[in-house]
Each structure stands twice: as C-alpha cells, then as structure tokens.
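Peer 1: Provided herewith is a single structure, encoded as structure tokens, for subsequent inquiry.
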Amino acid sequence: MIGLIYGPKGSGKTKEIVRRANEALDVSKGNIVYITDSNEYTSAIPAAIRYVNAAEFWGAYDKDELKGVIASNSDVTEIFIDGIARMLKKSADELEELFIRIDDISDRAGVHFCVSLTCDKLPKFLKKYS
C-alpha cells in the first residue's frame with residue numbers, strides 16, 4: 001500500500017509526513033524507515049525510526065535500492081519517503097514507473113509506503129494513492 005501526501009511547495013507536506021512517521025511508532029509491529037535527502041529533520045524523527053539521508057547513501061531511488069532497505073531488515077513494515085520528486089530531480093508526471101515498482105514491492109514485501117510529492121496538479125496515475 002502506498003499513501004501519498006502531495007501539494008505545492010510550502011504546503012506542509014514534510015510536517016505531515018513527519019507526523020505520520022511519529023504516529024507509526026505507536027501502531028507499527030515492525031521497524032520504520034524515514035528517507036529524505038537532508039539532515040534537516042533528524043531532530044523531528046525519534047531514534048527508534050531509522051533516518052536515511054539518501055544524498056549520503058544512494059544516488060537515486062531505484063527499485064533495487066528499496067528492496068535492499070527491506071532485505072537488510074525483514075522487520076521493516078513502514079517506509080516514509082519525503083520529497084521523492086525533488087530527490088530524483090523529476091516532475092510528478094515522470095514518476096509513474098517508479099510508483100509501479102514501489103507498489104509491487106509493497107505488495108510482495110507487505111511494507112506500507114508513505115510518500116510526499118510536490119506538485120500543483122496530481123497526475124492521473126497517482127490518484128489511486130491519494
């Protein structure tokens with residue numbers, strides 16, 4: 001399952017995804033991973049959540065890298081990805097293949113994803129996640 005938080009720049013998406021990640025601590029039966037491309041929000045994410053600065057560890061979001069996050073710890077049940085289009089330097093319209101891959105990984109591994117995305121108009125392929 002993929003949950004999507006979207007809206008224009010400055011609309012509070014990061015604040016919302018941080019809130020959801022923190023709430024997941026109360027209900028998740030596994031480990032939680034928070035992925036972004038800076039260290040700006042490390043103080044907002046408790047140590048119980050694995051904080052990953054993708055700019056330091058990975059080149060880009062790739063299906064194999066996401067599988068690696070899950071494979072390295074089979075207890076991962078929640079993955080939060082903050083600012084996916086920004087990190088990939090792509091528009092929302094260019095992310096269809098990636099969302100298909102994330103959806104497949106989610107189904108096969110039983111991992112819930114929550115993704116934030118800056119966009120003014122949601123592409124048709126993403127409507128099912130909103």
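Peer 1: Could you say whether any residue in segment 54-71 is modelled with pLDDT of 90 or more, under 24 Å from S130 (Cα atoms) and acidic (D, E)?
Peer 2: No, segment 54-71 has no match at all.
Peer 1: Out of (1) in contact (Cβ under 8 Å) with a residue 24 or more places away in the chain; (2) assigned to a loop (DSSP other than H, G, I, E, B); (3) not hydrophobic (A, V, I, L, M, F, W, C), the odd one out for N22 is which?
Peer 2: Result: N22 fails condition (2) only.
Peer 1: Further question on the same structure: Could you list all residues from segment 3-41 that are small (G, A, S) and over 27 Å from A109 (Cα atoms)?
Peer 2: G7, G10, S11, G12
Peer 1: Inspect all residues belonging to segment 76-88 and state whether any of them is farther than 17 Å from K13 by Cα, modelled with pLDDT of 90 or more and in contact with a Gly (Cβ under 6 Å, 6 or more places away or on another chain).
Peer 2: yes
Peer 1: Next up: Is it true that I32 is buried (at least 18 other Cβ atoms within 10 Å of the Cβ), more than 27 Å from F125 (Cα to Cα), of a type in the set (V, I, T) and at pLDDT 85 or above?
Peer 2: Considered against the rule, which asks whether it is buried (at least 18 other Cβ atoms within 10 Å of the Cβ), more than 27 Å from F125 (Cα to Cα), of a type in the set (V, I, T) and at pLDDT 85 or above, I32 comes out as no.
Peer 1: Do you know which residues across segment 78-96 are open to solvent by 40 Å² or more (accessible area, probe 1.4 Å) and not small (G, A, S)?
Peer 2: Within segment 78-96, R86, K89, K90, D93, E94, E96 meet the criteria.
Peer 1: If you don't mind, there's one more thing I want to ask. Where the second residue is hydroxyl-bearing (S, T, Y) and modelled with pLDDT of 90 or more and the first is in a loop (DSSP other than H, G, I, E, B) and buried (at least 19 other Cβ atoms within 10 Å of the Cβ) and lies in segment 97-122, which pairs have Cβ atoms under 7 Å and are six or more apart or on separate chains?
Peer 2: Filtered contacts from segment 97-122: V111/T77.
The values are calculated or read from the model by the stated rules, or taken from the named source; none is laboratory data. These numbers come from a predicted model, not from an experiment. Neighbour counts are summed over all protein chains in view; Cβ atoms, including those assigned to glycine, are modelled from backbone coordinates with ideal geometry. For accessibility, only protein heavy atoms count, side chains too; no ligands or nucleic acids. Shrake-Rupley method; radii C 1.70, N 1.55, O 1.52, S 1.80 Å.
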